[in-house]
Amino acid sequence: MSDGIRVASLDDIPEGEGIAIDKAITGTDDNIALLRDTDDTVWALDDTCTHEDASLADGWVEDGFVECPLHSSKFCLKNGEVQGLPATKNACPHRVEVRDGEVYLFPRETP
Amino acid sequence: MTRRVVIVGGGVAGVSAAGALRAGGFDGDVTLVDAGDFPYDRPPLSKEFLAGTKDIKQIALQAPEWYDDQNVRLVNRSVAAALRTGEGKVELADGTLLPADRVVLATGGGAARPPIPGIGSHRVHVLRTADDADRLRCELTPGASVLVVGAGLIGAEVASTAVLLGCEVTLVDPLATPLAAALGPELADWLHGLHGRNRVTTAQASVESFADRADGIEVRLAGAAAPQVFDTVVLGVGMVPHTKLAELAGLEVNRGIVVDTGQVTSNPAVLAVGDPARTRHDGELLPRTEHWEAAQHDGARAAATILGTPAPAGTAPWFWTDRYGRHLEAVGHMDQAAQTVLRGSLDDPAFALFGLRDGHVVAAAAVDDSTAVRAARRMIDRRVPVDADRLADPAVNLRALLRG
């Protein structure tokens, strides 16, 4: 696992958006959202919002945060820390590496 | 100097004020007085909590450990009886005195009960608290006939949940198209039509009287030929702000506790936030904003005032409603729009409606397309000029439009 799982090309993720990687690929309990920030960095969080059943990959990604598409709770892209209600629990972060335009995911590793 | 803050009321406004005080570095005492066992979130009361798919612990506004982590003293199962502002104390109903340099009133509101004959019947329910929802849920059994009075947000969501639980639902409202001012007539009509498309009988009517009968409650609707009998009635006809504490303390109250743009009442030691607060801006009294996020922002502004830090940046008002599996969000002021632009088709959600004025977005509302509303909010807040034709074209990326 040390090389990570190649899960997408950078071009697959539009800037300011996300894509969900199925848990069958990541081997985690939840799908993982790959989120491309407006500075072109890529981050990964558990996909399901910690508040209700919404996919963070469908959220709004901007300036270091993703905003849940359902009730606008914001999470820090780097560490998953929740920024405001209605969610109260942090999202679980995962480590990501971008090499030669390919995105590698390291599930459960701290970013 | 403020060392001790007492927040009266544990809704989203009060809890947000406590959280924002700590986030802003306040290291004095923060005490939160709440009537329930712990502060819980209200939007689920008409949805998952009413349906029984979430219990009270699952709708807690904060995890139990949050209060210790944040050093917020929760005084639960308590209500404030009086503000003794001259003595710097808040008196609770049991006589306890809490020292307070500043008080934040987050007292919320109660359900309006208009003076309709028979409205005191035990079959007439309202929905403001978890206890209200628990009582109502017992009546929403399969096959029960339920009359919902008022097709605003709470009434409409209760109708949706009652259908989900197998009830026969009738929904009445004196307006032909509820929420038309907030959403524009076109979208409001579509949204109200969802009721009929989900087996709810709707009527434009007001209630003239209720009368208890052995087998139900007899309801006389204005203009109806004959009265109808229902098992249960739910009123969703508005909110009455809880202003009694403010009135007793001699604060300025005018259909709401009057505050300045920093949430300060007519007494500098007392602030007010959330549903009962009414802002005076440039000498003009604004309408109360009875929405979840507005309450959260009030709490953050009150904390900034207490901390003496700049108020958080303002943003266009936003709300959501969930019904019949559809998620609607709205942002801005649709009644200020000179022109509306539809992105997508009302026949095929998801879609979004944008309100424009002078080449700028002033409002948007969308069904199952929150990205459009997120984009619109930024277009409004940043005053981004937009082209109506490009906005209407689903092939044009809204993030790209936002970048100009």
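Rule-based calculations on the coordinates, nothing more; no lab input. Remember, predicted model here, so these are calculated numbers, not experimental data. Positions of Cβ are backbone-derived with ideal geometry, glycine not excepted, and every protein chain shown enters the neighbour counts.
The table for this structure:
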quantity	calculated
Cα-projected label distance for A:Asp53 with A:Lys89, points at 7 Å along beta-carbon direction, nm	1.6 nm
Neighbourhood charge, 9 Å Cβ-Cβ cut-off, centred on A:Phe75 and excluding it, Lys, Arg +1 and Asp, Glu -1	-1
Residues B:Lys244, A:Lys74, sorted so that the one with the fewest Cβ neighbours within 10 Å comes first	B:Lys244, A:Lys74
Cα gyration tensor, the range A:12-67 - rounded (a/c under 1.5), prolate or oblate	oblate
Considering only the protein assembly as shown, percent of DSSP beta bridges that pair antiparallel, nearest 5	70 percent
Paired Rg and Dmax values of chain B, which use every Cα atom, in angstrom	22.3, 66
FRET efficiency estimate (nearest 0.05) - Cβ-Cβ, B:His122 to B:Glu208, R0 22 angstrom	0.65
Distance in nm between pseudo-label sites at B:Ala395 and B:Asp101 (7 Å out along the Cβ direction from Cα)	6.2 nm
For the range B:124-235, projected area of the alpha-carbon convex hull averaged over all directions, nm²	7.1 nm²
Candidates A:Asp40, A:Asp29, A:Asp12: whichever shows maximal mean-square fluctuation once chain A is modelled as a Gaussian network with Cα springs under 10 Å	A:Asp29
Simple spin-label estimate for B:Arg280 and A:Asp39 in nanometres, 7 Å along Cα-Cβ	4.5 nm
For the protein assembly as shown, with +1 on Lys and Arg beta carbons and -1 on Asp and Glu, the positive-most of A:Trp60, B:Gly299, B:Val386 along the dipole	B:Gly299
Under the Debye formula (equal points on every Cα, no solvent term), log10 I(q)/I(0) of the protein assembly as shown at q = 0.05, 0.09 Å⁻¹	-0.21, -0.71
For the protein assembly as shown, size of Cβ-based charge dipole, Lys and Arg +1, Asp and Glu -1, in debye	1380 debye
Point-charge dipole on Cβ atoms (K/R +1, D/E -1) for the range B:124-235, about Cα centre, debye to 20	140 debye
Filtered trypsin sites (Lys or Arg not before Pro), the range B:290-390: DSSP coil and at most 15 other beta carbons within 10 Å	B:Arg382, B:Arg383
Centroid-to-centroid separation of the range B:1-63 and the range B:341-404 [C-alpha atoms, Å]	34 Å
Shielding by partners, peptide A:60-68 (average Cβ within 10 angstrom, other chains)	2
Protection proxy ranking of B:289-296, B:311-318, B:130-137 - average other beta-carbon atoms within 10 Å, highest first	B:289-296, B:130-137, B:311-318
Cross-link pairs beyond the 32 Å C-alpha cut-off, checked among A:Lys74/B:Lys244; B:Lys54/B:Lys89; A:Lys78/B:Lys89; A:Lys89/B:Lys89; A:Lys89/B:Lys244; A:Lys74/B:Lys57	A:Lys74/B:Lys244; B:Lys54/B:Lys89; A:Lys78/B:Lys89; A:Lys89/B:Lys89; A:Lys89/B:Lys244
Cβ-derived FRET efficiency at R0 41 Å, A:Arg108 paired with B:Arg403, nearest 0.05	0.70
DSSP-defined beta bridges in chain B - what % are antiparallel, rounded to 5	60 percent
For chain B, size of Cβ-based charge dipole, Lys and Arg +1, Asp and Glu -1, in debye	540 debye
Residue (of B:Ile7, B:Gly25, B:Gly223) at the positive-pole extreme of chain B, dipole from beta-carbon charges	B:Gly25
Calculated FRET efficiency for the pair B:Asn76/B:Leu307, C-beta based, R₀ 25 Å, to 0.05	0.45
Value of Rg/Rh across chain A [Cα atoms, Kirkwood radius]	0.93
Dipole of the range B:85-124, positive direction: furthest Cα of B:Val90, B:Gly109, B:Ile119, with charges on the beta-carbon	B:Ile119
Within the range B:1-90, GluC sites (Glu not before Pro) in DSSP loop having at most 16 other beta-carbon neighbours inside 10 Å	B:Glu65
Between the range B:172-209 and the range B:280-319, the Cα center-to-center distance that results, in Å	30 Å
Candidates B:Gly325, B:Gly109, B:Gly19: whichever shows maximal mean-square fluctuation once chain B is modelled as a Gaussian network with Cα springs under 10 Å	B:Gly325
